[in-house]
Amino acid sequence: WSFLRFPTYPLIGSKYAENKDYRVLFIGLEIGRDENPSGGIISFDKKRTLVENSERHNPHVYGMGVATIFLLKKIFRKNQWEKICKGKTYKDTFNLAKNIKPDFSPLSHIAMTNCYKFVTINRRSRLGGKDRKHISTDAEWNLLEEEIKKLKPKALVFESKDFKKDRWFQPLISEIKKQNKNTKIYISNHPSDRSLHSNTSKYLKTFKKG
């Protein structure tokens with residue numbers, strides 16, 4: 001296992017702890033690219049800054065923002081919501097919500113972690129399942145369950161259609177549901193799934209209750 005390393009802590013938004021009703025946790029399969037090939041672990045502060053302070057985002061980050069907007073839609077008035085729903089792409093929807101409610105930053109209320117905790121050293125591409133390997137399944141799944149316990153999300157989104165179709169994950173998801181009965185759990189396609197074309201409507205239609 002010398003070709004793998006533990007690359008990062010979870011992302012925790014700057015306002016995640018402020019309002020327990022706004023907390024949305026995203027769980028992906030694996031990190032994909034080695035974000036810090038120099039070898040260190042990316043800190044909580046650096047990871048948060050990279051996500052929240054960027055003026056432009058990749059489809060994954062825009063998608064998480066869009067999902068959060070829709071999961072927390074109760075904070076918008078009816079006429080505001082009607083305007084937000086006119087957004088076609090992730091970026092459109094994200095920016096419409098931002099313009100309508102500038103004091104609400106969806107990315108500051110999210111947390112994000114992964115099911116597979118390790119990355120191939122110096123990996124550059126995020127594509128494919130190259131890093132979907134556990135060094136210790138029990139230890140890594142226990143760590144994920146402990147992360148969820150500490151983060152106490154109001155809503156939890158598993159970000160991959162593999163969580164729906166692969167029976168390998170069913171014991172994990174069942175255990176997480178049992179431990180988090182007050183959390184709304186969803187399974188969706190990953191927002192950067194190319195078949196979605198960053199289309200808000202297509203993406204949200206993939207959401208199924210876990």
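The values are calculated or read from the model by the stated rules, or taken from the named source; none is laboratory data. Predicted model, so just to flag it, every value in this text is computed and none were measured. Every residue, glycine among them, receives a Cβ derived from its backbone with ideal geometry; neighbour counts consider all protein chains shown. Calculation scope for accessible area: heavy atoms of the full protein, side chains included, ligands and nucleic acids excluded. Shrake-Rupley method; radii C 1.70, N 1.55, O 1.52, S 1.80 Å.
Key figures for this structure:
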item	result
Aspartates and glutamates whose Cα lies under 17 Å from that of Lys46, excluding same-chain neighbours fewer than 8 positions away	Asp34, Glu35, Glu55
Environment charge at Gly13 (Cβ cut-off 11 Å; Lys +1, Arg +1, Asp -1, Glu -1)	+2
Structure-derived Rg and Dmax of the Cα atoms in Å - corresponding label in (1) 19.5, 67; (2) 18.9, 59; (3) 16.7, 55	(3)
Carbon and sulfur %, accessible surface of the chain computed with the full protein complex present, 1.4 Å	50
Per residue solvent-accessible surface (Å²) - the chain, probe of 1.4 Å	54
Positive-end extreme of charge dipole, the chain - chosen from Leu71, Ile12, Ala139 (charges on Cβ)	Leu71
